[in-house]
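A short worksheet on the structure shown next.
Every read-out reported here was derived from the displayed coordinates using simple, explicitly stated rules and does not represent laboratory data. As the structure is a prediction and not an experimental result, all values here were calculated from the model. Because the Cβ atoms are built from the backbone with ideal geometry, glycine has one as well, and the counts that use them run over all protein chains shown.
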Amino acid sequence: MNTSTENPLRAGLDDERLAPASAIVIFGASGDLTRRKLVPALYHLQLARMLAPGSAIVGFARKESSHDEFRKEQREATAQFSRSKPVDAEAWASFEPSLSYVHGTFDEPAAYARLREHLESVDATFGTRGNRLFYFATPPEFFSVIAKQLKAAGLIAEASDRGRFTRVIVEKPFGTNLESSRALDRALHEVIDESQIYRIDHYLGKEAVQNVLAFRFGNAIFEPLWRREYIDHVQITVAEEIGIEGRGKFYEGAGATRDIIQNHLFQLLMLVAMEPPSAFDADAVRDEKVKVLRALRPMHRDRIAELTARGQYGRGTLGGGLLPAYREEKDVHPDSRTETYAAMRVEIENWRWQGVPFYVRTGKRLTRRVSEIAVRFRGIPVALFGRSQAETAPNELVLRIQPDEGITLRFAAKQPGSHMLLRDVNMDFRYGATWGRTSADAYERLILDALLGDATLFARDDEVDEAWRYVSPIIDAWNEMPAPSFPNYAAGTWGPASAEALVERDGRRWRRP
Ligand code: BG6
């Protein structure tokens, strides 16, 4: 019997995919990501019996703390952030002993000597057999320092070592521009092989994002239409209702383009535009994905103002509450030029997509949280049914990533009655209604994949490189343009007027999801 259909916690997890016993070392263990995402995800993997017995989780951070204090903190965090509440006391009792803690600063050789000693004792007591998954959940300036120290402490096994594995999960941001991302690659490659590096983009861990591949390459009827002859344009939206959530220091140096477009949004772009891979494995899938980015037509400097729009939110209202302007947020400069909204008209120059614009947009403090890919098909060649047909729109397929995961196909249908009146109707697939359960968190899937050595859902060095190669010149050009008149959209709205103008110039409109 397949227990995954019985246990809702096993949603999206496959019984065959049991991770091997490994020490999972989290650098930045006192940080927000560890509390909110990583430990709850590991707890769920344990609850779903996807972690091998004998797996051990080692927190590493600057703070002095005992194993017990670390366990207590993580229990409280899991109670607060876990997707299934309350925490199952029995499951936690069996999970808790696998948590331990080592303190130290990231550049202190003695701390790595302590870590090494601790991992040796973990190997002896847990049976982790030298397998190590290092999770870099620290600010990015520490990534290369940690990698070097690990190497110096003899904690990195060769990729060719068949007896044990060393893998590294690297959080975003992976660099802040092309140069810094390449420098980081060089630093990592000095101590570890590309095949051991797992650059995480949590969008790829989302069920509905993986379903883009299933939808495109698991069905025969859509793929013939998936091209310039039938598609008018594509809109990709990652809209957020939240603001910067106290991350002013980070966000001031990032902005919407670095924070979302370069990574999450371009991942969606690659999946929707790629050619069918020859196999569903890490190399074949990523080979096809990166070709999409290589085919992006670079934006000529003179056209950047016309092909992009950026915005920053001012005060506004949402859900009845008054919201501050971005410039009034903590750790934000009162004259900040950082964009909290960005939109672009992207072109892919290849046989499939030549002439089909991809409009992409993302923003903070928009009307609602929604991520989706909308594929707008071409209109009908002749209107047979007279005036009523003018009220129908061309067919549209919407792949809804969140929050209401699913797929909708809009088409025209005859309204019942004695006249030939047409109206738009929807054919709808909803995850909740179909599968009757909520999806696993993206981090569960991705940590499991890294433990299994499956890098299909992680970004490869060349993908990250190409994405920066496209967006860096845009960000540079923006910085050289006269200061934009920010704020230019009110919190709680759909973004700046310039973003509307961007699509209206082509005679199109943004969807209002
Ligand atoms: C993160 C960004 O990578 O993704 C955040 O740094 C953003 O600014 C978040 O809020 C969005 O993720 P999700 O899964 O909520 O769409």
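Close amide H partners of L99, meaning residues 5 or more places away or on another chain with modelled amide H under 5 Å apart, are I57. Taking each residue as 0.36 nm, the span from R294 to E245 lengthens on full extension beyond its C-alpha to C-alpha distance by 14.2 nm.
Please report the equivalent ellipsoid semi-axes of the range 109-240, computed as sqrt(5 x eigenvalue) of the Cα gyration tensor, largest first, in whole Å. The partial results should precede the final answer.
Values: eigenvalues 297, 75, 36 Å².
For the range 109-240, the semi-axes come out at 39, 19, 13 Å.
Between the alpha-carbon centres of the range 422-491 and the range 39-81 there is a gap of 27 Å.
Gap in Å between the Cα centre of the range 256-276 and the Cα centre of the range 205-250? After rounding, the separation between the Cα centres reads 8 Å. In order along the range 344-361, the Karplus-derived 3J(HN,Hα) couplings, from 6.51 cos²θ - 1.76 cosθ + 1.60 at θ = phi - 60°, round to 8, 9, 10, 10, 10, 8, 8, 5, 6, 10, 3, x, 9, x, 10, 9, 10, 8 Hz, and Gly and Pro are given as x.
From the helices alone, meaning DSSP H stretches of at least four residues, give me the mean residue ellipticity at 222 nm for the chain, per-run term -39500 (n - 2.57), in deg cm²/dmol to the nearest 500.
On the way: 16 runs with 166 residues, N = 513.
Mean residue ellipticity at 222 nm (helix-derived): -9500 deg cm²/dmol.
Peptides 194-200, 398-404, ordered by how many other C-beta atoms sit within 10 Å of their residues on average, highest first, read 194-200, 398-404. A Cα-only calculation for the chain places Rg and Dmax at 24.1, 84 Å.
Given C-alpha coordinates of the range 8-171, what is the ratio Rg to Rh with the Kirkwood estimate of Rh? Intermediate results must be reported in sequence, preceding the final value.
Values: Rg = 15.2 Å, Rh = 16.1 Å.
For the range 8-171, the value is 0.95.
Here the Karplus relation 6.51 cos²θ - 1.76 cosθ + 1.60, evaluated at θ = phi - 60°, turns the backbone of the range 116-126 into coupling constants of 4, 4, 4, 5, 5, 6, 5, 4, 5, 8, 9 Hz, with x for every Gly and Pro. Across the chain, the mean sequence separation of Cα contacts (distance under 8 Å, 6 or more residues apart), normalised by length, yields a relative contact order of 17 percent. Amide hydrogen proximity for F174: with H placed 1.01 Å from N in the peptide plane, no residue at 5 or more positions away or on another chain lies under 5 Å. Per-residue 3J(HN,Hα) values for the range 420-426, derived from phi via the Karplus relation 6.51 cos²θ - 1.76 cosθ + 1.60 with θ = phi - 60°, read 8, 9, 10, 9, 7, 10, 10 Hz in sequence order (x marks Gly and Pro). For the pair F217 and R36, the difference between a 0.36 nm per residue extended length and the Cα-Cα distance amounts to 61.8 nm.
The length gained by stretching the chain between R369 and A390 to full extension, at 0.36 nm per residue less their Cα-Cα distance, is 4.5 nm. In terms of packing, defined here as the mean over residues of other Cβ atoms within 10 angstrom, the peptides 378-386, 409-417, 206-214 line up highest first as 206-214, 409-417, 378-386.
The amide H of T456, built 1.01 Å from its N in the peptide plane, has A282 as neighbours under 5 Å, considering only residues 5 or more places off or on other chains.
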